[in-house]
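Student: Quick one: this structure, given as C-alpha cells, is what I'll be asking you about.
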Amino acid sequence: MKTADHFNLSEKLNTYMYALADQGYFNGAVLVAQENQILLSKGFGMANFEHDVPNTSTTKFRLGSLTKSFTSLAIIQLQNQGLLDVNDPVTSYMSNYPHGDIITIRHLLTNSSGIPDYPTSPHFWEKTMKLYSTIEQTIETFKERPLQFTPGEGYNYTSSPFILLSYIIEKASGMSYQDYITDHILTPLNMKNTGVEDGRTLLKHFASGYSICKGIIPTEYTDMSLHAGAGGMYSTVEDLYIWDRALTRDGILTHQQWEQLFGEDTSPFGSYGWVVTEQIINNKSRKRVWHNGTMNGFTAEFNRYLDEDITVVVLSNVNLTPVDVISERLARIVMGEEILSPNPFSRIIIAPNELRKYAGIYHTGEENNSIDSTRAIELMEALDKLSSIDKPKFAVGLFYETFYQYGIDTTKTVVVTYEEDSLYLFIQKNWGAWFKYEIVPLSKKDNSLICTTLHIKEQIEFLIEPNGQLRLIHLDPHGHQTDALNFIPI
C-alpha cells in the first residue's frame, strides 16, 4: 500500500518524465520502485512511429548487454549442478580455441580475458551483423585476433567473452542457449515477456528501434542470432523488476553467491554482468549495482541501490537517449533531491540569411585550419550525403576518409549545416558514429545566439569573437562541454 510519501514521490517522478516526453526527449518505458513498492511504471512516446503505436509498461525492448547478467546466472546454476567450474579453462569446452588453456570461465565473466570485441571485427557493420550466425560462427569472427593483454592481468569491457559463455552453457547443459535461459531462469521466475531473440519469431508488443538523422528514423538492421548471451535478449520494465526482486538477498542466489556478485566493488568494466560501485546522491555515498545495454536502435540502463532498496529501470527505443542521465535523476528524486524538470522552450524566428551564417565546420584544436570557399562547399556537400546514412560503423570510415581528404582532424570537429531554413548539429556521438539533429534558436543578442536541440536535450551557444570569428559552445546531457571555433564558414 502506498504511503503519502510514496504518492508524493510518484507525482514528482511522473512530472519529470512527462516533461521529458512532452518535449520529445524521451521515448521508451520507465520503472522506479522502493522497498517493494512500485512508484512509477509507465511507457512514453511511441513503440512504433510508423503506425502510431504507443509505448507501455509491457512493451518489449531489446536489452543489449543487460543480457549478460542472465548469462552469468546460467553459469552459476551450472556450477551448482556440478556441470562446470568457473576455474575451468576454455579448452575444456572448445579444444581448439587460441590461448584457451590460459583463459578461464572466470576471466570471461569478469572482463579480464583480453579477448577483443566482436563488433570491431573487419566488415562487421556493413556485412556480418546483417547475416544469420550460429554461436560457433560468431566465435570464428574473433577467435584468431590477438589478445589485448594476458588473461587475468588487465580488464577491458568486451562482449566476445559472453558469446563464448553462451557456447559453454550449451556444451555443459546439452541445451540451446535460448532453451536453457527460458527453462531454467525465465519460466521459474514467471518472466513471461522476456526471452532470447532469434530474429525469426514474431514478437507481439515489441518496440521498433530508431536512430536520429535530422528527425527520428528507423535504425539499421541487425540479425539477432549473432548476439546470443552477449546482447540477444528482450524484456519489459515490469519483467525486469521481477528479475531485480529475484536478485535480492532473499532471492534465488545463496548468501555466498550474492556476496560474490554484489558484496564488493568491481572494476569499472563490471563482473558477472554487473558493475558494483559507489555513487554520491544527496550528500551520501550509495552502493550502486548497475549495467547498461545498447542494441541497434535501443538503449537501456538498470540501476539497483542496495542499501536503500531502490530500483530504476529505463528502456528506450531511440538510440541517442541518455538513459544513464535519466536514471540517475530519477534516483536522485527518490532519495530526496530536488530535480528540475526541463522547461518548455519557444523557438525564435531568425531571417534565413542571418541564420545560415552560423553554418560551418568548427574545430576544437588550437591550430588555425583553413581551406578555400570552393573546397569548403564541396566538403559540406559530401558530408551531407554521408549524413543520410544511419549509424552503421562502416559509414564512420567514410566520414573519416572524407575529412582526411581535406586535412581535417575528425576527433576535433563539429559541423553545423544549414538546410531547409534550419540549422543542424552534425557531431560524433556513440562509438564515433555521426548524428545530425536540429538546432533550435531560443534567444539572440548582438554577439551571441543561445539554442537548444531537438530529440536530445543539449545546449548550444554561438559567440561572435572580437575578430568576427564564430565560436560554438556545446553542452551535452552529461555536462561535457565542447568549445570550438568556426574555421570553415559557409
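Student: Does residue 126 satisfy the criteria of being among the charged types (D, E, K, R), in contact (Cβ under 8 Å) with a residue 24 or more places away in the chain and open to solvent by 10 Å² or more (accessible area, probe 1.4 Å)? Walk me through how you get there before you give the answer.
Tutor: Numbers: among the charged types (D, E, K, R): yes; in contact (Cβ under 8 Å) with a residue 24 or more places away in the chain: yes; open to solvent by 10 Å² or more (accessible area, probe 1.4 Å): yes.
Here the answer is yes, as residue 126 does meet what is asked.
Student: Let me ask you something else. If we keep just the residues of the range 165-195 that are without any contact (Cβ under 8 Å) to a residue 40 or more places away in the chain, over 27 Å from the mean Cα position of the chain (by Cα) and in a helix (DSSP H, G or I), which is nearest to residue 245 (Cα to Cα)?
Tutor: So the residue we want is 183.
Student: For the condition at pLDDT 95 or above and open to solvent by less than 10 Å² (accessible area, probe 1.4 Å), what is the one hit in 241, 210?
Tutor: On the way: 241 fails: open to solvent by less than 10 Å² (accessible area, probe 1.4 Å).
When all the criteria are applied, what remains is 210.
Student: Here's something else I'd like to know. For the range 27-58, enumerate the residues that are within 10 Å of residue 238 (Cβ to Cβ) and either touching a strand residue (DSSP E or B) at 6+ places or on another chain (Cβ under 6 Å) or among the polar types (S, T, N, Q) (or both). Lay out the reasoning, then the answer.
Tutor: Our first condition is that a residue be within 10 Å of residue 238 (Cβ to Cβ); within the range 27-58, this holds for 29, 31, 38, 41, 56-58.
Once the filter is applied, which keeps residues that are within 10 Å of residue 238 (Cβ to Cβ) and either touching a strand residue (DSSP E or B) at 6+ places or on another chain (Cβ under 6 Å) or among the polar types (S, T, N, Q) (or both), the range 27-58 yields 29, 31, 41, 56, 57, 58.
Student: With the condition being crowded, with 19+ Cβ neighbours inside 10 Å and of a type in the set (Phe, Trp, Tyr), I'd like the strands (runs of 3 or more DSSP E) fully within the range 280-366 carrying at least 3 qualifying residues.
Tutor: 298-305
Student: List the number of the failed condition for residue 150; all other conditions in (1) closer than 30 Å to residue 315 by Cα; (2) among the β-branched types (Val, Ile, Thr); (3) open to solvent by 10 Å² or more (accessible area, probe 1.4 Å); (4) not in a helix (DSSP H, G or I) hold.
Tutor: So residue 150 meets the others, but not (1).
Student: Assess whether residue 252 counts as being surrounded by 15 or more Cβ atoms within 10 Å (Cβ to Cβ) and part of a loop (DSSP other than H, G, I, E, B). Before you say what the answer is, go through the steps one by one.
Tutor: On the way: surrounded by 15 or more Cβ atoms within 10 Å (Cβ to Cβ): yes; part of a loop (DSSP other than H, G, I, E, B): yes.
So residue 252 fits the description; yes.
Residues checked against (1) out of contact with any helix residue (DSSP H, G or I) (no Cβ under 8 Å at 6 or more places or on another chain); (2) open to solvent by less than 50 Å² (accessible area, probe 1.4 Å):
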{"site": "417", "(1), (2)": "no, yes"}
{"site": "425", "(1), (2)": "yes, yes"}
{"site": "430", "(1), (2)": "yes, yes"}
{"site": "445", "(1), (2)": "yes, no"}
{"site": "458", "(1), (2)": "yes, yes"}
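Student: If you don't mind, another one. From the list 48, 27, which one is within 21 Å of the chain's Cα centre (by Cα), surrounded by 22 or more Cβ atoms within 10 Å (Cβ to Cβ) and within 20 Å of residue 299 (Cα to Cα)? Even if it seems obvious, please write down each step before you answer.
Tutor: On the way: 48 fails: surrounded by 22 or more Cβ atoms within 10 Å (Cβ to Cβ).
None of the others qualify; the one that does is 27.
The values are calculated or read from the model by the stated rules, or taken from the named source; none is laboratory data. Predicted, not measured: the structure shown is a model, and the values here were computed from it. Cβ coordinates were reconstructed from backbone atoms using ideal geometry, including for glycine residues, and neighbour counts include every protein chain displayed. What goes into the accessible areas is simple: the full protein's heavy atoms, side chains included, and nothing from ligands, DNA or RNA. Shrake-Rupley method; radii C 1.70, N 1.55, O 1.52, S 1.80 Å.
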